[in-house]
Structures are given as structure tokens and as C-alpha cells.
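Single-structure report; data block below.
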Amino acid sequence: MALAVGMRVLTRALLRPWARGLRAAPGRTGPAAGGGDGVRCFRSPRVLVEPDPAAGVAVVKMRNPPVNSLSLEFLTELLISLEKLENDKTFHGIIITSDCPGIFSAGLDLTEMCGRDPEHYAEYWKAVQEMWLRFYLSNLVVIAAINGISPAGGCLLSLTCDYRVLANNPKYAIGLNETLLGIVAPFWFKDTLVNTIGHRSAERALQLGLLFPPAEALRVGVVDQVVPEDQVQSTARSVMAQWLDIPDHARQLTKILMRKPTADRLLTERDADIENFVRFICKDSIQKSLHAYLEKLKQKKG
Ligand SMILES: CC/C=C\C/C=C\C/C=C\CC/C=C/CC(=O)SCCNC(=O)CCNC(=O)[C@H](O)C(C)(C)COP(=O)(O)OP(=O)(O)OC[C@H]1O[C@@H](n2cnc3c(N)ncnc32)[C@H](O)[C@@H]1OP(=O)(O)O
């Protein structure tokens, strides 16, 4: 009993620095509907939360068609959903997955980084940082059920999770492919990849902008498991059950011990990182190549 109380105090002390200043910005969420069992179902236009209170798990489905690009509004809704689940003692784990067929997330929304003013770029980048910090340090067990392609920021979101299950579909690939767009993955993207697959593999993957198909992703360690497409959700659920069997305080403290130094680096350099991003993205050459890339994506259909 005394040990349990002591652990709770220690956990709160360790988690407190991240709780401060990391609250999600207010955004447009729909009214929370009370479930029959007293558990609230969260709805917002782009995020569907399916709670399973008996298991202590919620499935968070990304629904920002056509490609789940991480727009400012979508990021805000994701953060609010995460915060609500973290504040609800019913939940100990979340499974993040996509409601857009064949696409987990196309990454950062290119239209947020193209043809806008510096204030907008700063606001957007702060929201991207927030997404990374909040998911990376979440006290919940977070499992990615990756049911589609997941480049760049989509891969980053997966890398913040505690475990990644990828559907075995040759059309799907995952990786930080920023260099292919002529942009540089920021240091915290790089750090997250290094923490996941090691320095040498990360260096090669980042320089070449590699997008790994399922077997390669498993071999290099970008994902933890590759399963047939129709088993992605059930596998995520059974992995979640294993993780939830571990005493929560011990697991949470261990997660913080492992991730604190990486998160601290961004927390101490957050403003400078925003300034770097704004300076970089405002360059004529970068704007031109992002614009050309977006046009190429649009013309692909025609
Ligand atoms: C020294 C350094 C100093 C400082 C460094 C500081 C900062 C670093 C700077 C920058 C770092 C920025 C980091 C960025 C990370 C990112 O995430 S960038 C985004 C990367 N994502 C991609 O490249 C994916 C692009 N999309 C695709 O490849 C395909 O769309 C995809 C395979 C996902 C799906 O293909 P498909 O089903 O065929 O769909 P379409 O291609 O037809 O797309 C449908 C519509 O969606 C639009 N769209 C696609 N992706 C995006 C996107 N990421 N953002 C916004 N919009 C997107 C596409 O244009 C289509 O639109 P339309 O319907 O035609 O209007």
C-alpha cells in the first residue's frame, strides 16, 4: 500500500513538467454523448473514438479524408481526444488507426506549409510539436494499428506509439521520406527514429528518404509486427492486453525514463525550433518545391 502511494507520488512528480503547458488548444469538438455505462463517447468531425470501457481501451480512428493529412484542425482534434481519454480514469490504452481506406496518414498537411504567412507557419509548427510531445509522453499505452501508407509525419505519429502493427499489404509503406521532398527531417523526428531503429539504420533511412514496405519495415524495426490486413485490429487488441497486464505505475515511469531525454531536447529548444522551421519554410526555393510537389500530386489524377 505504502509502495503504491509512493509510486503514485513519484509518477506525478515525474509527469508534472510535461503536464504544464501541454494542454490542447480549444477546438471544435462535438458534444460528448454520455454512454449507458457512464463512459463518455467522444465525437469530433475528424476523430472517431470508440470506447471499450470493460477493456480500458479506446480505439481512435482518424477520419480526415481523403488522406488523413495532419492539418491544424485535425491535429487539434486529435490532441483534444487524447487529452479527454487521458483524463478519464476508465482508459489505460488507446489504439490509433485510420478510417480512410488504404491510408494511415499522408503526414503533415502540405497546404499548411505552402503560401501562408510566417505567423501561420509558427502556429502550425507548434501544433505539430504538441502532437509529438503529447503522444510521445502519453501516460496511456498507445498502439498504432497501421492500416495504410504512412509517409513522413504519418510515420512520425506511429513512432510516438509504444507498439506498431502494420498490415501486410504490398501497397503500404512507412518511413521518414522528407529528403525526397527536398526538406530535412527536424532533429526530434530524427531522434525518434534513432530511438526506434538505431543510429546506423536511421541515418541510411533518413538520407535516402526510405519508405519501407511491410517486410522491410519489420526487418529494420520501424514496426514491431506485420500481420494480414484483416488481423491488424485484433492483433493490436491482443498486444494491448499484454501491455495492460503490466503494473501501470511501473510501466509509465519506465516509459518516461526511456523518453524523457529525447522530449527534453525539444522542450528546451522549442522556440528556436519554431524559428528554424519558419525561416526554412519561408525560403523561396522551399516554397517553390513544395508548391510544385503539391501540383504534381493534384495532376496525378488528370
Ligand atoms: C538545416 C535544416 C534547418 C531547419 C529544418 C527545420 C525544419 C524542417 C522543415 C520542414 C520539415 C517538414 C516536415 C514534413 C513532414 C511531412 O509529413 S511532409 C508531407 C509528406 N507527405 C507526403 O509526401 C505524402 C504525399 N501524398 C502522397 O504521396 C499520396 O497522396 C498518398 C500516397 C498518401 C495517397 O495517394 P492517393 O490515394 O493516390 O491520393 P492522392 O495523391 O490523389 O491525394 C488525394 C488528395 O490529397 C492531397 N494530399 C495528399 N497528400 C497530402 C498532404 N500531405 N498534404 C496535403 N494534401 C495532400 C492531394 O493533393 C490530393 O488533393 P486533390 O484531391 O487533388 O485536391
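Quick look at the numbers
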read-out: Subset of region 152-193 (residues that are charged (D, E, K, R), within 12 Å of the ligand (Cβ to nearest atom) and not in a helix (DSSP H, G or I)); value: LYS171
read-out: Count of residues meeting criterion [within 16 Å of the ligand (Cβ to nearest atom), crowded, with 22+ Cβ neighbours inside 10 Å and free of Cβ contacts under 8 Å to residues at least 60 places away in the same chain] in region 122-143; value: 3
read-out: Among (1) more than 22 Å from PRO53 (Cβ to Cβ); (2) outside any loop (DSSP other than H, G, I, E, B); (3) among the aliphatic types (A, V, I, L, M); (4) in contact with a helix residue (DSSP H, G or I) (Cβ under 7 Å, 6 or more places away or on another chain) - the single one ILE143 does not satisfy; value: (1)
read-out: Candidate set: region 57-75, residues that are under 12 Å from PRO45 (Cα atoms) and part of a strand (DSSP E or B); chosen: the one farthest from the ligand (Cβ to nearest atom); value: LYS61
read-out: From GLN242, GLN207, residue being surrounded by fewer than 17 Cβ atoms within 10 Å (Cβ to Cβ), more than 25 Å from THR97 (Cα to Cα) and modelled with pLDDT of 95 or more; value: GLN207
read-out: Hits in region 76-121 (condition: over 30 Å from ASP245 (Cα atoms), outside any loop (DSSP other than H, G, I, E, B) and within 15 Å of the ligand (Cβ to nearest atom)); value: GLY102, ILE103, LEU108, LEU110, THR111, GLU112, PRO118, HIS120, TYR121
read-out: Residue in region 212-221 that is touching a residue at least 60 places away in the same chain (Cβ under 8 Å) and either over 30 Å from THR76 (Cβ atoms) or outside any helix (DSSP H, G or I) (or both) present; value: no
read-out: Tally of residues being acidic (Asp, Glu) and surrounded by 23 or more Cβ atoms within 10 Å (Cβ to Cβ) across region 69-111; value: 1
read-out: Residue under evaluation ILE149, criteria (1) outside any helix (DSSP H, G or I); (2) of a type outside the set (Phe, Trp, Tyr); (3) more than 14 Å from the ligand (Cβ to nearest atom), criterion not met; value: (3)
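The values are calculated or read from the model by the stated rules, or taken from the named source; none is laboratory data. Given the structure is predicted, the values throughout are model-derived calculations rather than measurements. Heads up, the Cβs are rebuilt from the backbone with ideal geometry, glycines too, and the neighbour counts pull from every protein chain shown.
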